[in-house]
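Chemist: Sharing a structure here in structure tokens format.
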């Protein structure tokens with residue numbers, strides 16, 4: 001099985017510094033959210049959500065729903081006002097062949113993930129001194145990432161993979177490690193900490209734009225699965 005040892009996983013993590021995962025969700029209807037917050041009862045909230053369509057969410061209409069390379073479509077208070085009443089986030093994770101979610105963590109939520117289709121390998125570090133936890137998720141299998149634990153995942157197969165993710169917060173938050181290193185901390189400190197140039201203008205230029213949800217994995221997998229990235233010769 002691919003990527004089953006810590007050394008290869010760490011290599012993947014550093015390679016993923018040029019990627020960005022999980023878009024920042026824009027609040028689609030801030031006025032309605034404000035009304036729901038101010039409502040005095042569940043009946044008042046239901047009166048605000050008076051149309052049956054207010055209770056319907058279509059993941060396939062989300063801008064991040066794709067398999068090339070993939071996307072993270074979130075159903076939360078920002079994208080679906082009714083979710084403000086539930087206090088959680090549901091996400092559909094689409095991973096095309098050889099695509100991955102680079103290292104990230106959710107500061108506000110525990111993350112449960114169950115595979116619907118395909119073959120996905122997940123990796124998780126909970127804190128300093130903890131061991132690497134690796135799982136292979138095929139349909140019907142699941143794992144969880146404790147609050148604020150760093151994790152990543154990759155579709156190691158040549159078919160599309162789809163997973164459903166549940167987070168116990170309507171505003172789970174996402175912090176992408178590559179984004180912090182490239183655009184957050186002072187670059188001279190980042191480079192000194194890692195003993196090499198990881199924070200530079202060149203890295204920023206190579207970063208996947210915010211909103212794509214996932215990025216392509218290692219070249220070995222792309223060649224094995226005969227995947228041609230858009231724009232490649």
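Chemist: With the requirement that a residue be under 19 Å from residue 101 (Cβ atoms) and in a loop (DSSP other than H, G, I, E, B), what does segment 172-197 give you?
Modeler: Of everything in segment 172-197, those that are under 19 Å from residue 101 (Cβ atoms) and in a loop (DSSP other than H, G, I, E, B) turn out to be 172, 173, 174.
Chemist: Quickly run through segment 92-106 and pick out the residues that are at pLDDT 95 or above and either part of a strand (DSSP E or B) or surrounded by fewer than 20 Cβ atoms within 10 Å (Cβ to Cβ) (or both).
Modeler: Within segment 92-106, 92, 93, 94, 95 qualify.
Chemist: If you scan segment 149-190, which residues turn out to be more than 24 Å from residue 106 (Cβ to Cβ), without any contact (Cβ under 8 Å) to a residue 24 or more places away in the chain and buried (at least 16 other Cβ atoms within 10 Å of the Cβ)?
Modeler: Of everything in segment 149-190, just one residue is more than 24 Å from residue 106 (Cβ to Cβ), without any contact (Cβ under 8 Å) to a residue 24 or more places away in the chain and buried (at least 16 other Cβ atoms within 10 Å of the Cβ), namely 187.
Chemist: Right, residue 144: surrounded by 23 or more Cβ atoms within 10 Å (Cβ to Cβ) and assigned to a strand (DSSP E or B) or not?
Modeler: When the stated conditions are applied, residue 144 does not pass them.
Chemist: If you scan segment 35-47, which residues turn out to be surrounded by 10 or more Cβ atoms within 10 Å (Cβ to Cβ) and free of Cβ contacts under 8 Å to residues at least 24 places away in the same chain?
Modeler: Within segment 35-47, 35, 38, 39, 44, 46, 47 meet the criteria.
Chemist: Also: Could you grab the pairs with beta carbons closer than 8 Å, sequence gap of 6+ or different chains, first residue in segment 135-147 and under 7 Å from residue 110 (Cβ atoms), second one loosely packed, with under 14 Cβ neighbours inside 10 Å?
Modeler: 147/107
Chemist: So which of 203, 227 is crowded, with 16+ Cβ neighbours inside 10 Å, farther than 30 Å from residue 59 by Cβ and either in contact (Cβ under 8 Å) with a residue 24 or more places away in the chain or more than 14 Å from the chain's Cα centre (by Cα) (or both)?
Modeler: Being crowded, with 16+ Cβ neighbours inside 10 Å, farther than 30 Å from residue 59 by Cβ and either in contact (Cβ under 8 Å) with a residue 24 or more places away in the chain or more than 14 Å from the chain's Cα centre (by Cα) (or both) holds for just one of 203, 227, which is 203.
Chemist: Being at negative phi and assigned to a loop (DSSP other than H, G, I, E, B): is that true of residue 229 here?
Modeler: Judged against the criteria, residue 229 is a match.
Chemist: Something else about it: Among the candidates 71, 87, single out the residue that is on the phi > 0 side of the Ramachandran plot and either outside any helix (DSSP H, G or I) or without any contact (Cβ under 8 Å) to a residue 12 or more places away in the chain (or both).
Modeler: 87
Chemist: Name, by its number, the condition in (1) surrounded by 15 or more Cβ atoms within 10 Å (Cβ to Cβ); (2) at pLDDT below 95 that does not hold for residue 10.
Modeler: The single condition residue 10 does not satisfy is (1).
The values are calculated or read from the model by the stated rules, or taken from the named source; none is laboratory data. On a predicted model such as this, the values are computed, not experimentally measured, just so you know. Ideal geometry is used to build each Cβ from the backbone, glycine not excepted, and the neighbour counts take in all protein chains shown.
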